[in-house]
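The values are calculated or read from the model by the stated rules, or taken from the named source; none is laboratory data. Here the structure is a predicted model, which is why all the values come from computation and not from measurement. Don't worry about glycine lacking a Cβ; one is built from the backbone with ideal geometry, like all the others, and counts go over all protein chains shown.
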Amino acid sequence: MPDLISQIRQTLPALLDDAGENAARRVIEFFTAEIRNKNTRRAYARAVRQFFDWAADRGLTLEEVEPVHVAAYVEDDDRSASTVKQHLAAIRRLFDWLVTGQVLASNPAAPVRPPKLVVEEGKTPVFTAEETRELLDSIVEEKQDIGRLRDRGLIGVMVFTFARVSAVAGLDVGDYYRAGHRWTLHLQEKGGKRRDIPVHHKAGQYLDAYLDAAGIRDEKDAPLFQSLSRSRELTGRRLQSDNILQMVKRRAEEAGFDPDQVCCHTFRGTGITTYLENGGKLETAQHIAGHASATTTKLYDRRNRNVEQEEIERIRI
């Protein structure tokens, strides 16, 4: 924690650092005590820095920031509505923290309305069931080395559990366990949420093949998905989300797909869409995915996008 505090202090925007010791300390407390998730902390830090750099360029101090300035910043931002909305939420939350810490008398971001955002369908590209099967089969069709078995198992888990990549990266060997007659995965999602999901038989086959080849089935506290050494042996170190994204794009390209149209969330959306296409219930998909709202789950549902080629050919000109 001291290292984190020092790191945050060194990267404080000049406007906040110049606001005095109390303000600087309160900002540090915000990013250490209030924001516990590393990904959220990183995103909020980026949003805060961009806003206060913008304010400093206009000669403002912390005490001089007013709602009209925050509104102007939002108005000038030409990024997507969802990005602007997220940045405004970060700025508003920090100002709230400064108000409750008696650094400021009021929150200048509170009255500022975010841009209107209407999203009926997410932008994450998804595969069809056939494309997903083609990708998974292609990973081990040439040779079944440990890296290929690991990658197939990892992608299989994302597809069949709708899990976020961070939750899959965080799995230990012991999180894949037998409960009665069925195998289960113990997933820890963002916000500290824990989910126990029954393992689809195909995902189980992929995991068993990987674990048997790796010889780590009894190492319960070891990372389930590990990085590889130059000699193609497991290192014992956890595979990180960025590494998984690179792997996913590489495997997709090897299988003949456009890597720019594939990301880790592709498999979350693919799993949800395929489940719903086969008669699954939206509320159950919501539970499996760990979504707080069914509205979020529906963003991953691409059933309405699927138009058969034969229907397009009806446009006879």
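Within this structure, R26 passes the test of being touching a Leu at 6+ places or on another chain (Cβ under 7 Å), at pLDDT 80 or above, in the same structural domain as A90 (by TED's automatic domain parsing) and not hydroxyl-bearing (S, T, Y).
Which of (1) assigned by TED's automatic domain parsing to the domain that holds L185; (2) small (G, A, S); (3) surrounded by fewer than 17 Cβ atoms within 10 Å (Cβ to Cβ) is the odd one out, the single condition A167 does not satisfy? The failed condition is (3). Taking the stated definitions as given, is L98 of a type outside the set (V, I, T) and in a loop (DSSP other than H, G, I, E, B)? Criteria not met by L98.
For A23, the conditions (1) loosely packed, with under 15 Cβ neighbours inside 10 Å; (2) touching a residue at least 60 places away in the same chain (Cβ under 8 Å); (3) farther than 23 Å from P114 by Cα all hold with the exception of (1).
Residues that are of a type in the set (K, R) and at pLDDT 95 or above were ranked within the range 149-164; the one that is nearest to C263 (Cα to Cα) is R152.
Does R152 satisfy being in a helix (DSSP H, G or I), of a type outside the set (D, E) and in contact (Cβ under 8 Å) with a residue 24 or more places away in the chain? Answer is yes for this residue. What residue, among those in the range 226-240 that are touching a helix residue (DSSP H, G or I) at 6+ places or on another chain (Cβ under 9 Å) and in a strand (DSSP E or B), is surrounded by the most Cβ atoms within 10 Å (Cβ to Cβ)? Among them, the one singled out is L234. A residue that is in the same structural domain as V173 (by TED's automatic domain parsing), farther than 17 Å from T132 by Cα and either of a type in the set (V, I, T) or modelled with pLDDT of 90 or more (or both) cannot be found anywhere in the range 267-276.
Checked against the criterion of being out of contact with any Cys (no Cβ under 9 Å at 6 or more places or on another chain), part of a loop (DSSP other than H, G, I, E, B) and either closer than 17 Å to T124 by Cα or modelled with pLDDT of 80 or more (or both), the range 241-254 contains not a single residue that satisfies it. If you filter the range 27-64 down to residues that are small (G, A, S) and part of a helix (DSSP H, G or I), you find that the one that is farthest from T83 (Cα to Cα) is A33.
Out of D221, D260, one residue alone is among the acidic types (D, E) and in contact with an Asp or Glu (Cβ under 8 Å, 6 or more places away or on another chain). It is D221. Going by the structure shown, is T83 at pLDDT 90 or above, out of contact with any helix residue (DSSP H, G or I) (no Cβ under 7 Å at 6 or more places or on another chain) and among the hydroxyl-bearing types (S, T, Y)? The answer is no for T83. Selection of the range 90-105 for residues being within 13 Å of A71 (Cα to Cα) and surrounded by fewer than 20 Cβ atoms within 10 Å (Cβ to Cβ) yields only R92.
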